[in-house]
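Taking it in order: structure first as structure tokens, then the write-up.
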Amino acid sequence: MARHVTPGDRVLDAGCGAGTFSFEAARVGASVTAIDGSAAMIALARKRQQELALPDISFEVALLDSLSARPAGTFDVVLSSSVLEYLPDLAGEVARLVRLLKPGGRLILSLPNSESLYRKAERIA
């Protein structure tokens with residue numbers, strides 16, 4: 001995270017789950033907005049946030065389509081890990097995220113390969 005996020009950056013973690021990447025960005029000194037569609041995941045993230053004493057993260061229950069209402073060019077970094085592969089319009093969702101970046105901003109995406117060793121082990125488990 002320290003390679004792509006700098007102190008003072010505004011970061012969006014789209015589909016934050018339990019907040020793992022949000023916490024890493026906050027540790028670098030970024031201000032983080034983190035959204036997830038699961039209220040249970042957001043509750044877990046908020047609990048962990050209190051334990052870690054990382055105040056500069058705003059966790060919100062929201063779906064990616066809610067991001068369309070946010071102003072363009074709001075974030076220095078937008079990250080989304082293991083979310084986009086579940087949505088029917090990959091190109092549209094990436095465009096939604098790119099719109100939120102400031103000029104020169106960084107988009108960090110991960111889309112797991114269903115044939116990777118990790119995903120195969122996950123299915124077995």
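The values are calculated or read from the model by the stated rules, or taken from the named source; none is laboratory data. Bear in mind that the values here come from a model prediction, so they are computed numbers and not experimental data. With ideal geometry, Cβ positions are generated from the backbone for all residues, glycine too; neighbour counts draw on all protein chains shown. With ligands, DNA and RNA removed, areas are computed over all heavy atoms of the protein, side chains included. Shrake-Rupley method; radii C 1.70, N 1.55, O 1.52, S 1.80 Å.
Annotations for the structure displayed:
- Screening PHE59 with (1) touching a residue at least 40 places away in the same chain (Cβ under 8 Å); (2) open to solvent by 20 Å² or more (accessible area, probe 1.4 Å); (3) of a type in the set (Phe, Trp, Tyr) gives one miss only, at (2).
- Taking residues in region 64-80 that are exposed (fewer than 12 other Cβ atoms within 10 Å of the Cβ), and partners anywhere that are modelled with pLDDT of 95 or more, the pairs with Cβ atoms closer than 6 Å and at least 6 places apart or on different chains are ALA72/ARG99.
- Candidate set from region 86-100 (those that are among the hydrophobic types (A, V, I, L, M, F, W, C) and touching a helix residue (DSSP H, G or I) at 6+ places or on another chain (Cβ under 8 Å)); member that is most open to solvent (accessible area, probe 1.4 Å): LEU90
- Residue list for region 1-29, filter: under 21 Å from GLN50 (Cβ atoms), assigned to a loop (DSSP other than H, G, I, E, B) and open to solvent by 40 Å² or more (accessible area, probe 1.4 Å): MET1
- Residues (β-branched (Val, Ile, Thr) and within 18 Å of LEU109 (Cα to Cα)) located in region 22-49: VAL32, THR33, ILE35
- From VAL32, VAL83, residue being over 18 Å from ARG10 (Cβ atoms), within 15 Å of the chain's Cα centre (by Cα), open to solvent by less than 80 Å² (accessible area, probe 1.4 Å) and not acidic (Asp, Glu): VAL83
- For region 39-50, a tally of residues being in contact (Cβ under 8 Å) with a residue 12 or more places away in the chain and either open to solvent by less than 40 Å² (accessible area, probe 1.4 Å) or among the basic types (Lys, Arg) (or both) returns 5.
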